[in-house]
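See structure below.
The values are calculated or read from the model by the stated rules, or taken from the named source; none is laboratory data. All of these numbers come straight from a predicted model, not from anything done at the bench. Here Cβ is always computed from backbone atoms with ideal geometry, including for glycine, and neighbour counts include all displayed protein chains. For the accessible areas, the whole protein counts, side chains as well, though only heavy atoms, and no ligand, DNA or RNA atoms are used. Shrake-Rupley method; radii C 1.70, N 1.55, O 1.52, S 1.80 Å.
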Amino acid sequence: MSVDLHWFLPTAGDGRGIVDNSNSSNADPRTAGERAPTLDYLTQVARAAEAAGFTGVLTPTGTHCEDAWLTTAALIPLTTRLKFLVAFRPGAISPTLAAQMASSFQRLSGGRLLLNVVTGGDSIEQQQFGDWLNKDQRYARTAEFMQALRGTWADEPFDFTGEHYTLAGATTSAPPNPVPPLYFGGSSAAALPVAGAHADVYLTWGEPPAAVAAKIAAVREHAERAGRSIRFGIRLHVITRDTSAEAWAVTEKMLAGLDPDAVAATAARFANAESEGQRRMTALHAGSIADLEIAPNLWAGIGLVRGGAGTALVGSHTEVADRIAEYHAAGIDEFVLSGYPHVEEAYWFGEGVRPILARRGLLTGSPALAPA
């Protein structure tokens, strides 16, 4: 089987390091912001991803970034085949409106929409959006949301009654064509059954292969109980160079730019995070810059000062290809990758790693590398 490769759209800003290395006194340690997320810059990233042969780009959601729906809609006419994996939160939008927006997006883009349903793992941020449900309630709502979303895309008006949503005659002017797959992530006990019963692609952050394989097995068991099959994806950063030494030198430069106090503060903040996935990311490094290679070519340095996906594949192009093949053997079908800065790293991967994967038969049917 082949794998799908996706890139990332840095709608909170971009830069050469993990943090903002500008001279601004307002620099936010969570954001690499030397390059503002203007439409011009995000177009560069999207076109680089398209030229480098990626299938799509993940566009994040949250108060820290530009709106994913509006940003990707603006990029539709500025790209040709690139798909947009739009992240959004069920607590901030109704299933019927989401169904309508997705249907319109498919028609306007020629079928280039993928949907990432984000339950939300931080109650403080959820409350900023007016969402006061607890974690388990949010996952229960997400399950209802995905049922209601699919029902609204049916040919006939759809009625739904649940704990969180009640719809009467929900419909759109026309169903989306094709119906966009639903991507979903979550590591808690409440998340895995939702993934198995309702998601098309389950996403995990980049843990060591053995831990990823265990999570895949758990979600697959839930899917089988529901009489379904499901694909699996992983979210990773990547630093790939012609030689391993060159790649690891980049990590050393990134570490040199970190403030030890910021590292300690971030570790303390995330150690007791509500998100199980965030706790697992933080446990990989425990706030220490020692022993950050937690598995062959898997580096936990990104998570020292950033929330969310905190690990990177680091090494020569061949080593990175080897690790992708290893994750694929464990059950991963889709790779959502990123790197600082996102324009340059897209080309490093597209020109260095992608040809190796193609020679190994892992990219059968995927588009060839296009000229810049």
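Label 7 Å along Cα→Cβ of Leu255; segment 285-306 residues with amide nitrogen under 14 Å? Under 14 Å, as judged by backbone N against the label point of Leu255, lie 285-295, 297-305 of segment 285-306.
What you get for the chain, charging only the Cβ of Lys and Arg (+1) and of Asp and Glu (-1), is a dipole of about 580 debye around the Cα centre. Residue by residue, segment 133-148 carries 3J(HN,Hα) couplings of 6, 7, 4, 5, 5, 5, 5, 5, 5, 4, 4, 5, 4, 5, 4, 5 Hz when phi is fed to the Karplus relation 6.51 cos²θ - 1.76 cosθ + 1.60 (θ = phi - 60°); x denotes Gly or Pro.
Computed from Cα atoms, the angle from the helix 342-352 axis to the main principal axis of the chain rounds to 80 degrees. A simple count of charges around Thr311, restricted to other residues whose Cβ falls under 12 Å of its Cβ and scoring Lys, Arg +1 and Asp, Glu -1, yields +2.
When only the heavy atoms of the protein chains count and the probe is 1.4 Å, how do Asp122, Asp322 rank by accessible area, highest first? Show your work: numbers first, answer last.
Values: Asp122 75, Asp322 50 Å².
I get Asp122, Asp322, largest accessible area first.
For Ala358, the shell of other residues with beta-carbons less than 14 Å away shows a net charge of +1, using +1 for Lys and Arg and -1 for Asp and Glu. The alpha-carbon of Lys135 sits under 29 angstrom from the alpha-carbons of these lysines, leaving out residues fewer than 8 places away in its chain: Lys215.
3J(HN,Hα) couplings calculated from phi for segment 230-245 with the Karplus curve 6.51 cos²θ - 1.76 cosθ + 1.60 (θ = phi - 60°) are, in sequence order, 8, 9, 10, x, 9, 10, 9, 7, 8, 10, 10, 9, 5, 10, 4, 4 Hz; Gly and Pro show x. For Leu58, the residues whose modelled amide H falls within less than 5 Å of its own, excluding neighbours fewer than 5 places apart on the same chain, are Trp7, Phe8, Leu9, Leu85. Per residue, the accessible area of the chain comes to 40 Å² when a 1.4 Å probe rolls over the protein heavy atoms.
Can you send over the carbon and sulfur percentage of the accessible area for the chain, probe radius 1.4 Å, protein chains only? Walk me through the numbers before you get to the answer.
Values: 8000 of 15050 Å².
Carbon plus sulfur share of accessible area: 53 percent.
May I ask for the distance between the Cα centers of segment 324-343 and segment 51-78, given as a whole number of Å? Rounded to whole Å, the Cα centres lie 18 Å apart.
Suppose only helical runs count, i.e. DSSP H with n ≥ 4. What mean residue ellipticity at 222 nm does that imply for the chain under -39500 (n - 2.57) per run, divided by all residues and rounded to the nearest 500 deg cm²/dmol? If you can, show how the numbers build up before the last one.
Numbers: 13 runs with 151 residues, N = 372.
Helix contribution divided over all residues of the chain: -12500 deg cm²/dmol.
Computed over Cα pairs, the Kirkwood radius of segment 124-260 leads via Stokes-Einstein (1.002 mPa s, 20 °C) to a diffusion coefficient of 119 µm² per second.
Amide H contacts of Ile234: Thr204, Glu334, Phe335, Val336, each under 5 Å away and 5 or more positions distant or on a separate chain (H built 1.01 Å from N in the peptide plane; Pro and chain starts excluded). Within the shell of other residues whose beta carbon sits under 12 angstrom from the beta carbon of His328, the net charge comes to -2, with Lys and Arg scored +1 and Asp and Glu -1. Along the charge dipole of the chain, which of Gly17, Ser109, Gly185 sits closest to the positive end, that is, farthest toward it, with unit charges on the beta carbon of Lys, Arg, Asp and Glu (+1, +1, -1, -1)? It is Ser109. Between Arg225, Arg279, Arg81, which gets the highest mean-square fluctuation from a Gaussian network model of the chain, Cα cutoff 10 Å? In the Gaussian network model the winner is Arg225. Distance between the pseudo-spin-label points of Gln137 and Arg269 (7 Å out from Cα toward the beta carbon): 2.6 nm. Ile230 contributes about 20 Å² of solvent-accessible surface, heavy atoms of the protein only, 1.4 Å probe. Considering only alpha-carbon pairs that sit under 8 angstrom and 6 or more positions apart, the relative contact order computed for the chain is 21 percent.
Along segment 266-279 the Karplus relation, 6.51 cos²θ - 1.76 cosθ + 1.60 evaluated at θ = phi - 60°, assigns HN-Hα couplings of 5, 4, 5, 5, 8, 4, 10, 5, 5, 6, 5, x, 5, 4 Hz to successive residues, with x for each Gly and Pro.
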